[in-house]
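Structure first, commentary second.
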Amino acid sequence: MKRKIAWLMAVLMAGSLMAAGCSVAEQTPSSAAAESASAVQVEKEQVVAAQKTYRVAAIVKSQSEVWASWLSKSLQNRANDFADMEITLFDAQNDQTKTIQYIETAVTKKYDLIIVQKVVASDTNELFQSVVNKEGIPIIAVNIPVDDGVSYNIPAPNYDLGYTIGQVAAENLPEHAEILIMRGKVVDVEQQRYNGLKAALMDTRPDITILDEKVANYSREEGMKLMENWLQVYPDFDGLIALSDSMAIGGVEACKAVADFEFDKVQIYGVDGLADSCLAIQDGKMTATVLQDADIMAKEAIELGRKILTGEITERQDIMIETEVIDKRNVEQYIEKHKENGILE
Amino acid sequence: MGLKKSNGKTVNKYAIHIVLLVLFIVGTLASDSFLTVKNISNVLRQVSVQCVLAFGMTLLIIGGMIDLSMGAVAALSGFIACSVYVLTNQMLLALMAAIGVALICGLANGIIVTYCKLPPFIATMGMDLVVRGIVYIYSDGNPIYQIGDFNKLSTGYLFGVIPVPVVVMLTIFFITLVLLRKTKIGRQIYAVGGNAEAARASGINVGKTKIKTYLISSCFVAIAGCLLMARLNSAMPDAANGYHADAVAAAVIGGTAFSGGIGTASGTLIGGLIVGVLGNILDLAGVQSYIQQVIRGSIIIAAVAWDIGSKNRKVKVVRK
């Protein structure tokens with residue numbers, strides 16, 4: 001029985017390899033090796049002009065992370081607005097090696113445009129430059145920018161996100177407030193958020209004391225556990241600033257579990273503008289969050305992509321997204337937006 | 001010689017209880033917030049999900065099996081429970097749906113292990129990927145944010161004092177305890193794990209026993225999944241990632257041996273508490289999460305090394 005299963009699996013694997021090989025062979029012209037970049041570009045332009053559909057490969061960081069999942073959904077929605085854009089999603093599952101693998105796949109399958117959300121900010125310049133220059137496929141890097149000189153960037157305004165929420169906190173926190181800070185994974189991207197926060201809050205309000213600062217890995221579960229333990233040591237804290245909404249909500253849940261917890265005596269801040277934090281703000285449990293609008297980022301990416309493909313834009317450029325504070329005053333409109341996007345019922 | 005032997009045995013038997021006691025003392029000294037009703041209640045709440053999973057894992061490891069898909073199955077069953085609850089507002093129906101889904105996964109695991117004869121490690125590793133994929137497909141990557149009163153499974157109290165998750169954890173503990181000590185299936189699990197051939201020779205249907213073990217464990221996994229989603233106050237498709245590792249840790253620290261045939265419910269309970277209390281002490285003392293991870297891993301290695309070492313000593317004594 002065991003041997004039969006092993007043979008069956010081997011045959012299946014061999015079969016799928018052959019099928020994949022066949023489809024690659026169909027799509028790759030036999031004289032690929034000797035072609036120069038410009039010849040490829042001319043051929044592509046002619047093909048693109050005659051073609052009705054633009055095939056876009058969208059490689060996202062991880063469908064299982066709420067914000068990234070929001071981004072991928074938005075990319076799909078926005079691409080659907082254009083009849084001649086066909087988008088295929090690839091999930092890198094939080095693994096940069098998969099990102100690279102999917103870029104290579106997109107090249108092999110001759111996509112017209114690659115929109116990529118990298119997992120980490122590590123150096124991919126050589127690969128991207130080769131894809132843009134040699135293969136002639138434009139790349140739009142969303143969320144995490146690249147400085148390879150050839151890719152278009154629509155970066156997450158990480159420093160601004162941190163700075164904006166820091167500003168709101170600086171304006172609202174009482175004198176000599178004692179606050180707790182939840183950080184995500186301590187990597188380059190997160191450090192920018194933190195630097196922004198520091199510049200807007202810690203540097204302008206030296207009277208504020210930071211009771212503790214810990215990593216909760218952008219996870220609601222970890223944020224909740226951390227807050228539960230913090231509530232033992234610092235039950236009279238004045239504010240919690242979490243560098244992502246997922247952790248902030250974890251903090252809110254932990255506070256909810258405390259009998260008679262007075263939410264109006266503390267201020268809780270998050271970053272991202274996710275649906276559940278909007279609900280929490282509406283409910284009076286959170287003070288404010290900063291929107292990192294995945295939908296706008298997706299819209300810009302798709303529209304930019306289209307302009308690149310139709311030749312309207314030829315010069316490499318960056319598009320900056322603005323941040324926006326969501327608090328009690330404007331939370332209703334964002335809840336509506338999340339409902340429209342199908343994230344809330 | 002005789003006196004030494006019995007002393008050694010006593011120390012070994014109560015080693016983990018002593019460790020837990022030492023941790024309590026360390027905790028009390030390290031922080032005034034430690035030995036408070038609030039904090040202890042928190043710790044018990046925090047470990048309840050992991051402990052319920054650990055009891056299931058204990059049954060499996062005793063039987064010579066393992067389940068690496070626990071996290072994914074917990075997430076799937078918890079997610080389905082929330083979906084059902086949101087539609088029907090019936091807690092019982094939601095729980096039954098969760099258990100139903102988990103039973104199907106457990107049955108799949110059991111059949112693959114028994115009839116396809118795959119090693120449990122590989123079978124459940126594959127199932128982990130499959131089930132996690134199913135959660136994402138079903139949820140479309142989106143959490144269910146508003147689960148209404150489902151979260152009472154986490155925030156509710158029995159008799160106004162004991163948190164519901166703790167009640168659930170203790171209930172599963174007693175079920176595991178009675179099952180292992182007093183029931184036929186319990187004896188069969190020990191036998192199959194200890195020596196499957198001998199068990200078969202003595203008339204035990206090894207295949208059926210293994211499948212039953214996976215089914216029982218799946219019920220626990222479903223309950224853990226519901227507790228987890230209730231605690232998070234939303235159904236998250238990426239929840240319970242890697243939870244099987246903590247379940248194994250609790251079981252192993254509690255004296256469950258990978259060779260099979262050895263393990264107890266109370267050992268696992270203490271093991272789970274040790275992991276939870278340790279994490280709590282480190283949090284209260286302000287130790288960074290990454291350092292905590294190193295410490296947790298080291299404790300697991302140390303616990304297993306001690307366990308193996310003490311078993312070798314027992315064997316040596318018997319030989320003499």
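FYI, it's all coordinate maths here, none of it is from the lab. The model shown is predicted, which means the values in this text are computed figures rather than measured ones. Cβ: placed from backbone, ideal geometry, glycine included. Neighbour counts: every protein chain shown.
Details
- Sites B:Leu35 and B:Leu170, calculated FRET efficiency, Cβ-Cβ separation with R0 25 Å, nearest 0.05: 0.75
- Candidate aspartates and glutamates for bridging to A:Lys225, where Cα separation is under 16 Å - those fewer than 8 sequence places away on the same chain excluded: A:Asp212, A:Glu213, A:Asp245, A:Glu253, B:Asp246, B:Asp283
- Inter-part distance where region B:97-167 and region B:200-250 are each reduced to a Cα centre, Å: 7 Å
- Where a label projected 7 Å from the Cα of A:Ala199 along Cα→Cβ would reach, residues of region A:154-188 with amide N under 14 Å: A:157-167
- Between region B:274-311 and region A:140-158, the alpha-carbon center distance in angstrom: 41 Å
- Proximal charge balance of A:Gln232 [Cβ under 13 Å; K/R count +1, D/E count -1]: -2
- Listed residue pairs exceeding 30 Å between alpha carbons, taken from A:Lys98/B:Lys208; B:Lys38/B:Lys152; A:Lys61/A:Lys110; A:Lys4/A:Lys110; A:Lys285/A:Lys337: A:Lys98/B:Lys208; A:Lys4/A:Lys110
- Top positive-direction residue, dipole computed over region A:102-141 with Cβ charges, set A:Gln129, A:Thr108, A:Ile139: A:Thr108
- Helix-only mean residue ellipticity at 222 nm for chain A, each DSSP H run of n ≥ 4 adding -39500 (n - 2.57), per residue, nearest 500: -14500 deg cm²/dmol
- Entry note, chain B: the mean residue ellipticity at 222 nm calculated from DSSP H runs of n ≥ 4, each adding -39500 (n - 2.57), is -26000 deg cm²/dmol after division by the residues and rounding to the nearest 500.
- Three-way shape call for region B:16-160 based on the alpha-carbon gyration tensor, with the a/c threshold at 1.5: oblate
- In chain A, the DSSP beta bridges split such that about 10 percent are antiparallel, to the nearest 5.
- Using Cβ point charges alone (K and R +1, D and E -1), the dipole size of the protein assembly as shown about the Cα centre works out to roughly 5420 debye.
- Prolate/oblate/rounded call for region A:248-292, Cα gyration tensor, a/c under 1.5 rounded: prolate
- Region A:245-335: trypsin sites (Lys or Arg not before Pro) in DSSP loop, at most 16 other beta carbons within 10 Å: A:Arg316, A:Lys328, A:Arg329
- Gyration tensor (alpha-carbon) shape descriptor, chain B, a/c threshold 1.5: oblate
- Evaluated with a Cβ-only charge set (Lys, Arg +1; Asp, Glu -1), region B:34-309 carries a dipole of roughly 720 debye about its Cα centre, given to the nearest 20.
- Computed E for A:Asn330/A:Thr53 - FRET, C-beta separation, R0 56 angstrom, nearest 0.05: 0.90
- Unit Cα scatterers, Debye sum, the protein assembly as shown: log10 I(q)/I(0) for q = 0.06, 0.07, 0.09 Å⁻¹: -0.40, -0.54, -0.86
- Mean projection of the Cα convex hull over all viewing directions, computed for region A:174-269: 5.6 nm².
- Counting only DSSP beta bridges whose two residues both lie in the protein assembly as shown, roughly 15 percent are antiparallel.
- Cα Rg over Rh - chain A, Kirkwood: 1.06
- Rh by Kirkwood over Cα pairs, then Stokes-Einstein D for region B:106-197 at 0.890 mPa s and 25 °C, µm²/s: 144 µm²/s
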